Amino acid sequence: QVQLVESGGGLVQVGGSLRLSCAASGHTFSSYTMGWFRQAPGKEREFVAGIRLITQYATSVKGRFTISRDNAKNTVYLQMNSLKPEDTAVYYCAARLEDYIEYRVYQYDYWGQGTQVTVSS
């Protein structure tokens, strides 16, 4: 069982930056593939970035967002730069035991409660 707690969301202006954090419980954090997803109002939850031994990104955030992890701290991060209004969403951290990154929501076993990111113009 893994519990995930996101933090770092907030209100930022267009072009600004935020860093999201996701703290995980448990002693086997390094064994999990971690992902960040987001859900805007009226839209489906979508993949943003994933990390295991490699990283992968959605096309819409590639070059602006960076996912990283610190296994000693049981934490995964999402550095978001050059933010746009369309990045406004609730951002969720997710974990899965399999050792490859998945884009599909249902492939993740554990989810955080989400953190709101609002980009104002």
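Rule-based calculations on the coordinates, nothing more; no lab input. Since the model is a prediction, treat every value here as computed from it, not as a measurement. Every residue, glycine as well, gets a Cβ built from its backbone with ideal geometry; the counts of neighbours run over all protein chains shown.
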Worksheet entry | Any chance residue 69 is among the basic types (Lys, Arg) and farther than 15 Å from residue 5 by Cα | no
Practice prompt. Find all pairs meeting these conditions: Cβ atoms under 7 angstrom apart; at least six residues apart or on different chains; first residue within the range 36-48 and among the aromatic types (Phe, Trp, Tyr); second residue part of a loop (DSSP other than H, G, I, E, B).
Written response: 37/45; 47/58; 47/103
